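Here is the structure we will look at.
The values are calculated or read from the model by the stated rules, or taken from the named source; none is laboratory data. Bear in mind the structure is a predicted one, so any value in this text is a computation, not a measurement. Neighbour counts are summed over all protein chains in view; Cβ atoms, including those assigned to glycine, are modelled from backbone coordinates with ideal geometry.
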Amino acid sequence: MNLPSTLQHLGWQAFFQQQLTLPEFEHSIIARVTAHHRSGYELITLQGSCRLMASTTLPPITIGDWLLLDAGGGFVRLLTRKSLFKRKAAGSQLAEQLIAANVDTLIIVCSLNHDFNLSRIERFLTLAHDAGAEPLLVLTKMDLCADVDAFLRQVKQLDAMLMVEVVNALEASCSSTLQHWCKAGNTLAVVGSSGVGKSTLVNTLTGRGGQKTAAIRVDDSKGRHTTTGRSMHFIAGGAVVIDTPGMRELQLTDCDDGIRRAFADIDAIASQCRFSDCQHVAEPGCAVQQAITQGALAARRLTNYQKLNAEQARNAASLKQRRAHERKFSKMVKSVKSLKAKKFSD
């Protein structure tokens with residue numbers, strides 16, 4: 001790939017510049033993480049690409065992070081993040097997984113077919129709000145949809161202010177439609193389930209065919225994984241785009257604020273409930289249940305709101321318990337080492 005010629009074309013902004021002293025800016029190498037592998041990290045700088053080997057001494061690092069390196073390419077420090085996307089690791093693993101950092105706009109891709117799912121869109125909106133990024137919903141495959149307006153009406157019921165674009169990701173006009181979000185210095189991340197056209201969208205925005213694409217099944221519109229890892233790409237106008245694999249499992253953790261923002265309408269209605277601790281199930285004077293009865297709120301939306309709240313609380317509690325156990329174990333190890341050192345010194 002052609003290397004960006006300025007830091008801004010790597011996604012550099014004043015937010016990061018303000019974290020550097022003058023000597024650091026003049027004598028350190030500024031690098032951005034473009035990929036994460038088990039053995040280490042791929043980085044890009046104005047001098048070219050390089051690698052940073054994985055080490056237990058490094059802080060948690062993910063794609064999109066900004067690092068300072070010394071003249072020899074050694075790690076100096078991780079810059080404070082502007083935003084951070086994370087989730088509970090997939091499966092039974094009790095750990096938090098970092099997805100991407102320093103993203104300005106989260107492009108939530110959903111196709112206008114069987115894949116269209118309001119509850120999944122709400123989950124991604126929660127993720128965006130919690131991370132501190134601007135959500136943009138991109139509805140793809142408009143050329144295969146007979147009634148686009150019907151889908152748009154459903155989306156607007158989630159949030160009347162939600163930014164939505166409808167595109168055919170295969171057409172070059174898609175780039176001009178999304179031009180507002182592709183300004184120099186901006187970093188975008190593309191998320192969505194398999195088969196919705198994420199990689200096709202990235203190929204169109206970058207003007208290259210670097211990302212693999214595959215056809216979906218006709219009977220249920222299900223897609224196959226063609227993107228196997230997160231990757232960073234550079235748009236001619238100066239923006240950066242991060243492609244992510246289709247997420248079969250996106251378990252939320254510790255994201256109270258993200259849920260409140262994604263379901264601001266429910267929070268507003270709930271403020272009118274008779275009881276401040278109303279669970280919106282069968283309590284008398286529940287304004288939320290009344291709104292559902294009157295057709296002002298979809299029952300599905302309340303169900304998903306309650307599901308996401310329970311999920312993130314459960315995962316946050318489990319992770320907190322694990323961290324406490326790890327701190328206790330670490331403290332015990334240090335104590336044993338200290339006793340051994342004292343014994344040998346005696």
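Overview of results
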quantity: Of all residues making up region 153-177, the number that are surrounded by fewer than 17 Cβ atoms within 10 Å (Cβ to Cβ) and either in contact (Cβ under 8 Å) with a residue 24 or more places away in the chain or within 15 Å of residue 113 (Cβ to Cβ) (or both); calculated: 8
quantity: Test: residue in region 263-270 that is under 21 Å from residue 313 (Cβ atoms) and not in a helix (DSSP H, G or I); calculated: yes
quantity: Residue in region 15-23 that is buried (at least 18 other Cβ atoms within 10 Å of the Cβ), out of contact with any strand residue (DSSP E or B) (no Cβ under 6 Å at 6 or more places or on another chain), assigned to a loop (DSSP other than H, G, I, E, B) and of a type in the set (S, T, N, Q) present; calculated: no
quantity: Given (1) part of a strand (DSSP E or B); (2) in contact with a helix residue (DSSP H, G or I) (Cβ under 6 Å, 6 or more places away or on another chain); (3) within 17 Å of residue 205 (Cβ to Cβ), index of the condition residue 174 fails; calculated: (1)
quantity: Conditions (1) of a type outside the set (Val, Ile, Thr); (2) within 14 Å of residue 111 (Cα to Cα); (3) at pLDDT 85 or above; number of the one not met by residue 170; calculated: (3)
quantity: Single unsatisfied condition, residue 26 versus (1) assigned to a strand (DSSP E or B); (2) over 28 Å from residue 205 (Cα atoms); (3) free of Cβ contacts under 8 Å to residues at least 12 places away in the same chain; calculated: (1)
quantity: Residues located in region 97-112, provided they are over 30 Å from residue 146 (Cα atoms) and outside any strand (DSSP E or B); calculated: 102, 103, 104
quantity: Qualifying residue in region 77-95 (condition: in a helix (DSSP H, G or I) and touching a helix residue (DSSP H, G or I) at 6+ places or on another chain (Cβ under 8 Å)); calculated: no
quantity: Filtered residue count, region 109-123, keeping only those that are within 17 Å of the chain's Cα centre (by Cα) and farther than 18 Å from residue 298 by Cβ; calculated: 1
quantity: Meets criteria (in contact (Cβ under 8 Å) with a residue 12 or more places away in the chain and over 18 Å from residue 200 (Cβ atoms)) for residue 142; calculated: no
quantity: Residue list for region 139-148, restricted to those being assigned to a loop (DSSP other than H, G, I, E, B) and surrounded by 17 or more Cβ atoms within 10 Å (Cβ to Cβ); calculated: 141, 145
quantity: Residue within region 300-309 that is out of contact with any Asp or Glu (no Cβ under 9 Å at 6 or more places or on another chain) and in a loop (DSSP other than H, G, I, E, B) present; calculated: no
quantity: Which numbered condition residue 88 fails, given (1) touching a Ser or Thr at 6+ places or on another chain (Cβ under 9 Å); (2) surrounded by fewer than 22 Cβ atoms within 10 Å (Cβ to Cβ); (3) closer than 16 Å to residue 252 by Cα; calculated: (2)
quantity: Residue that is aliphatic (A, V, I, L, M), out of contact with any His (no Cβ under 9 Å at 6 or more places or on another chain) and at pLDDT below 95, where the choices are 52, 67, 79, 46; calculated: 46
quantity: Flag if residue 38 is within 30 Å of residue 151 (Cβ to Cβ) and at pLDDT below 95; calculated: no
quantity: Where residue 136 falls short, out of the listed (1) among the hydrophobic types (A, V, I, L, M, F, W, C); (2) over 25 Å from residue 233 (Cβ atoms); (3) in contact (Cβ under 8 Å) with a residue 40 or more places away in the chain; (4) surrounded by 18 or more Cβ atoms within 10 Å (Cβ to Cβ); calculated: (2)
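So that you can scan it fast, the table gives a plain yes or no per residue for (1) loosely packed, with under 15 Cβ neighbours inside 10 Å; (2) more than 31 Å from the chain's Cα centre (by Cα); (3) of a type in the set (S, T, N, Q); (4) at pLDDT below 95:
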residue	(1), (2), (3), (4)
267	yes, no, no, yes
285	yes, yes, no, no
313	no, no, no, yes
336	yes, yes, no, yes
